[in-house]
1. Sorted by packing (mean other beta-carbon atoms within 10 Å per residue), highest first, where do 24-34, 96-106 land?
2. Most fluctuating residue of Val11, Val90, Val146 in a GNM of the chain with Cα springs under 10 Å: which is it?
3. Could you name the lysines whose alpha carbon sits less than 23 Å from that of Lys286, not counting residues in the same chain fewer than 8 places away?
4. The chain: D in µm²/s via Stokes-Einstein (Kirkwood Rh, Cα pairs, 10 °C, 1.306 mPa s)?
5. Please report, as a whole percent, how much of the solvent-accessible surface of the chain comes from carbon and sulfur atoms (probe radius 1.4 Å).
6. With +1 on the Cβ of every Lys and Arg and -1 on the Cβ of every Asp and Glu, and nothing else charged, how large is the dipole of the chain about its Cα centre, in debye rounded to the nearest 20?
7. Between Ala156 and Ser188, what is the label-to-label distance in nm when each label sits 7 Å out along the Cα-to-Cβ direction?
8. In terms of modelled amide H atoms, which long-range or inter-chain residues lie less than 5 Å from the amide H of Val270?
Amino acid sequence: MSFFKLTIRDVPLDHQTVLVRVDYNVPLMPDGSIGDDFRIRSSLPTLKYLLDRGCKLVLISHLGRPEGKDMKLSLEPVAQRLAHLLKHDVRFVNDTIGDRVYQAVKRAPGSSITMLENLRFYAEEEADDQEFAKKIAKASGARYFVQDGFGVVHRAHASTHAITFFIPSVAGLLLEREYSTITGAMESPKRPMVAIIGGAKVSDKIPIIERFVDKADKIVIGGAIANTFLAYKGVNVGVSGIETDQFKVIDKIYAAARQKKGGDLDDFIVLPIDLTVAKQVSPDDKRKVVGLDAVQANDLALDIGDQTIDKMVAELKSAGTVIWNGTLGWAEIPAFAHGSARLALALATQPGTMSIIGGGDTADFVLKWDKNDGKSFSHISTGGGAGLELMAGDKLPGVECLLDAKPQIEYTNSKHK
Ligand code: ADP
Ligand code: 3PG
Ligand code: MG
C-alpha cells in the first residue's frame, strides 16, 4: 500500500530551496556531548536525495525541552556531527528566524545545508504560533517544506503544523518508512502481542497505555512509569518520582482492562514484583534488589528486580509481536540496566517474534547493546511518543497536515469484465 501523503519523490523540487524538519532531539551525555546519533544517521537518505538534486537545504529541529534560550541545548554540536556523518559542509546560523537566517540562506549555493538554531528557544514553537511559522518560512525562503522528523509528528507545533499553512508540505523518506513500517506491522500483528512500556515520560505515556488495553494481549510496565503504577496500588516506592495526577488515567486503564479481561488483571497489566533500589543515582552504585514490601522511605526505585525480569522473559517466550518503548530502568548506569539488557537479549534471541522498538533513549540503549548494529530486532524506530501514538491508532497532526497523495483512480471498463 502506498503512503497516503505526497513525498519528496512526488514534487518537482530540483534546485529549489527546501526547508526540512528533522528530529535531532538526540540524547545528551552529562558533559553535553551527543550520546547517540541514530536520529541524525536516520535522516541521511532524505538529505542525500535532496542534495543530489541540487537543493539548497535549510534544516530545523528542536533539542530537549529548554525554557527560553539555553546554550546547553544549542544545535551547533549536532550540526558538526551531521557534517561529519554526511561528509558535507553544514553552515550553522545561531538563530531560527530573522534577517541573519535570510541572508545566510540567500548566500548559500545549491546542494548546501544551512542548519538553524533550536526551535524551542522560542516559546512560539510549542504554541503552534502561526506568526512564528510564517517568520520561519520567510527567513528560509523555501519553496517546499519537508517533514522528516518522525519522532516529533505527534506534536502540533509551529514547525510540524502551522508551517504547513505557508509552504507546500510533503513527507521525507524517513517519515514515509517509519509510518509505513509501523502501520504495516499493526495491521494484523502476529499474536500474542505484548506491549512493554517503560521510561520516564510518565504523563506522555500513561494515557497511551489506555489505548493499548484494546490492542495488546499483555501490557508489561517498567521504568519510572511502573513506580507511578505501584504507588497507585498502594506500594511504598520511597522517594521515587511519582505523578499522582495520572491516577485518574490509571483508573480508566484498569476499568477498560476489566471490561476486556474481567477479574484478575495482574496477568494482563504486568507490574514489577520486585525492584532495584539505591539511595542516590551514581555510576558506582551496586545493584540491590528488594521485594515490594521492603522499599525504604529514602529509596529510589531505579530498575525492575531480578524476579520481575525472569517473569517478563518467560512471558515473552510465546509472544508473536513485542512493542517496546521506554527503558525498564535508569539504563545509563550498568547497575540499573539489567531489566533493559535482559529484555534486549530475549528479543534478539527470539527471531520468530516481531520486535518493534521505539523511544530516543530506548533506541540508544539497544543500539549500544546490539553487536549487530540493531539488526537483531525487526524495527528500531526513531520515534518515541510518535511511534506509540501511531501504534495506538491515533492520527498524527504533523502527518495529517501534509499534502495528500492523489488517490489511485481505478478505471473499470465493463466491456473487459
Ligand atoms: P524513550 O526516550 O525511550 O521514549 P523516556 O524518555 O520516556 O524513554 O525515558 C527514558 C529515561 O527514563 C532514561 O533516561 C532512564 O534513565 C529513565 N528511567 C527509566 N527508569 C527509571 C526509573 N526507575 N527512575 C528514574 N528514571 C528512569
Ligand atoms: C522525542 O524525543 O520523543 C521527540 O523528539 C519529541 O520530544 P518532546 O517529547 O520533548 O516533544
Ligand atoms: Mg527519552
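The values are calculated or read from the model by the stated rules, or taken from the named source; none is laboratory data. Since the structure is predicted, the reported quantities are computational estimates derived from the model, not experimental observations. Note that we place each Cβ from the backbone using ideal geometry, even for glycine, and neighbour counts take in every protein chain shown. For accessibility, only protein heavy atoms count, side chains too; no ligands or nucleic acids. Shrake-Rupley method; radii C 1.70, N 1.55, O 1.52, S 1.80 Å.
1. Values: 24-34: 14.7, 96-106: 17.5.
Per-residue Cβ counts within 10 Å, averaged per peptide and sorted highest first, yield 96-106, 24-34.
2. In this elastic network of the chain, the residue with the biggest mean-square fluctuation among Val11, Val90, Val146 is Val11.
3. List returned: Lys311, Lys368.
4. 70
5. Numbers: 9320 of 18420 Å².
The C+S portion of the solvent-accessible surface of the chain is 51 percent.
6. On the way: 51 positive and 53 negative charges, 253 e Å.
Around 1220 debye, computed over the chain.
7. Reported label-point gap for Ala156 and Ser188 is 3.4 nm.
8. Distant-sequence amide H within range of Val270: Ile219, Val220, Ile221.
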